[in-house]
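Here the structure comes first, spelled out in structure tokens, and everything after it is commentary.
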Amino acid sequence: MKVMKFGGTSVGSPERMKGVASLVTKSGEPTFIVLSAMSGTTNSLIEISDYLYRKNPEGANEVINNLEQKYFGHIDELYSTDEYKQKTRLFVTEIFDYLRSFTKGLFTSFEEKNIVAQGEVLSTNMVVNYLQEQGVKATLLSALDFMRTDKNAEPDLPYIKEKLSAIMKVHEGYQIYITQGFICRNAYGEVDNLQRGGSDYTASLIGAAINAEEIQIWTDIDGMHNNDPRVVDKTEAVRQLNFEEASELAYFGAKILHPTCVQPAKYSGIPVRLKNTMEPDAEGTIINNTLVRSKIKAVAAKDNITAIKIKSSRMLGASGFLRKVFEIFESYQTSIDMITTSEVGLSMTIENCSHLSEIVDELKKYGTVSVDSDMCIVCVVGDLDWSNVGFETLATDAMKDIPVRMISYGGSNYNISFLIKEADKKRALQSLSNVLFN
Ligand code: ADP
Ligand code: ASP
Ligand code: MG
């Protein structure tokens, strides 16, 4: 069975939902569908929560009412029969009444998670009703019944596998199985989610759980491009990527894929195909185990990076210095992305700055500390094995007019990373595209 995931834009209007219905029924084979919320909905749900955190129920109600009217409009457009219009309107009204119920009581992150989950609940119910109206044998499986994270907030794959296989046995014989992306339960059974953009992760976890033949991520662009199309002109789709290359690109900012989405597919050896909903015949990108030798594939960039440097003569020839430094980051659950060292100094980058001042205070016990904020990691990805002569020179040459704060190479066979100022990102990405691809 194939897993097909459709993102927010792909289900962003009644027209698009109809397009999705025709795409998923085309092969006639049983298919597992994962849907995001309609584009803009998750942001509106977060806005509602922001009003409620600030104890402003009027603000929240206004957003709720506007969103509800939009959904009523979608229903009129999507269904052709009164039966399905009424059925779906009743369901949507229930969801919006549920949202209104939060404007009355205490508001914590627990309530927020329940609110934010409703976007995917709405989109999946609308699409399954549409498919059923069209006479397709489709059923909705609630992600909250099988998608679970453990105490470390990591997906609990053995549990997901067991639960989903039992649920699918009960629902044997359907052509289309639909579920919500993004949402899950945590180890305590509470409604939770897999972070923004997490529907890709849902699809990949389901693919691994049911041992799918392929995981398809359908979005608004024809595959992984060789540079960020939001920043750089003339980017092109990359036809094939190795799992490692795709992971690096996703982790270092290629928004088309959620950073962790490649892992479950890679461990289960299931190919991931990126496809364009607006142009279904375009080839897209296939991500699999094959490594094309001696080729630089793509560039990506990750913003909001902070660099921390610690200089200490005590590091000279001393053992255990790095451990002490890393333990400080670990104790504040702050992960380090990039590292460069010299005999007397160490530079690291972090993304999560919520404990920056505590970390800096503790590091000062071991040396002189300096911090650079508003930085950006630019990552060049491809077959960058050190035996391939000249590739790192090519990348460095493209950066010749950009002030570079750190360079990291040799950590994996697939990447060379540069730390630069966020303000120089566009210039750096464009220059890399010109030198490496154009
Ligand atoms: P969805 O809502 O379908 O999950 P996303 O907005 O999360 O879609 O991801 C698709 C977007 O990712 C594209 O519209 C594009 O602007 C952006 N993007 C960033 N980097 C890349 C890249 N290297 N290749 C393709 N798309 C990218
Ligand atoms: N709806 C969620 C978001 O907007 C999850 C997703 O679309 O992947 O982040
Ligand atoms: Mg996405």
What number of residues within segment 180-219 are among the charged types (D, E, K, R) and outside any loop (DSSP other than H, G, I, E, B)?
-> 4
Are there any pairs, at least 6 apart or on different chains, whose C-beta atoms fall under 6 Å, with the first in segment 210-225 and in contact (Cβ under 8 Å) with a residue 40 or more places away in the chain and within 15 Å of T277 (Cβ to Cβ) and the second part of a helix (DSSP H, G or I) and within 16 Å of ligand 2 (Cβ to nearest atom), and if so, which?
-> I217/D200; W218/S10; D220/T9
Every listed condition ((1) farther than 30 Å from I221 by Cα; (2) free of Cβ contacts under 8 Å to residues at least 40 places away in the same chain; (3) more than 16 Å from ligand 2 (Cβ to nearest atom)) holds for D50 save (3)
Given the residues K161, K169, which is the only one that is of a type in the set (K, R) and touching a helix residue (DSSP H, G or I) at 6+ places or on another chain (Cβ under 9 Å)?
-> K161
Answer yes or no as to whether L291 is within 12 Å of ligand 1 (Cβ to nearest atom) and farther than 27 Å from R16 by Cα.
-> no
Can R273 be described as surrounded by fewer than 21 Cβ atoms within 10 Å (Cβ to Cβ) and either in a strand (DSSP E or B) or modelled with pLDDT of 95 or more (or both)?
-> yes
Output for segment 261-289, where each listed residue is more than 22 Å from M1 (Cα to Cα) and not aliphatic (A, V, I, L, M) = E279
Taking segment 8-47 and keeping only residues that are within 16 Å of ligand 2 (Cβ to nearest atom) and on the phi > 0 side of the Ramachandran plot, one is left with G40
When residues of segment 110-141 are filtered for being within 28 Å of Y53 (Cα to Cα) and part of a loop (DSSP other than H, G, I, E, B), how many remain?
-> 1
Scanning segment 229-256 for residues that are within 24 Å of S294 (Cβ to Cβ) and assigned to a loop (DSSP other than H, G, I, E, B), the one nearest to ligand 2 (Cβ to nearest atom) turns out to be A254
Complete set of residues in segment 199-221 that are surrounded by fewer than 21 Cβ atoms within 10 Å (Cβ to Cβ) and either within 15 Å of ligand 2 (Cβ to nearest atom) or on the phi < 0 side of the Ramachandran plot (or both) | I210, E213, E214, D220
Looking only at residues in segment 16-43 that are within 16 Å of ligand 1 (Cβ to nearest atom) and without any contact (Cβ under 8 Å) to a residue 40 or more places away in the chain, which one is farthest from N125 (Cα to Cα)?
-> N43
All but one of (1) in contact with a Pro (Cβ under 8 Å, 6 or more places away or on another chain); (2) crowded, with 17+ Cβ neighbours inside 10 Å hold for A117, so report the exception by its number.
-> (1)
Look at Y177 and say whether it is in a strand (DSSP E or B), more than 19 Å from the chain's Cα centre (by Cα) and of a type in the set (S, T, Y).
-> yes
Return yes or no: is Y130 away from ligand 1 (no atom under 16 Å from the Cβ), within 25 Å of L257 (Cα to Cα), touching a residue at least 60 places away in the same chain (Cβ under 8 Å) and among the aromatic types (F, W, Y)?
-> no
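Quick grid of which residues meet (1) surrounded by fewer than 19 Cβ atoms within 10 Å (Cβ to Cβ); (2) aromatic (F, W, Y); (3) within 16 Å of ligand 1 (Cβ to nearest atom); (4) under 30 Å from G207 (Cβ atoms):
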residue	(1), (2), (3), (4)
T9	yes, no, yes, yes
Y53	yes, yes, no, no
G59	yes, no, no, no
Q86	yes, no, no, no
E94	yes, no, no, no
K104	yes, no, no, no
Matching strands (runs of 3 or more DSSP E) fully within segment 316-414 where at least 1 residues are at negative phi and charged (D, E, K, R) = 336-341, 368-382, 404-409
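The values are calculated or read from the model by the stated rules, or taken from the named source; none is laboratory data. Everything numeric here is computed off the predicted structure, so don't read it as measured data. Heads up, the Cβs are rebuilt from the backbone with ideal geometry, glycines too, and the neighbour counts pull from every protein chain shown.
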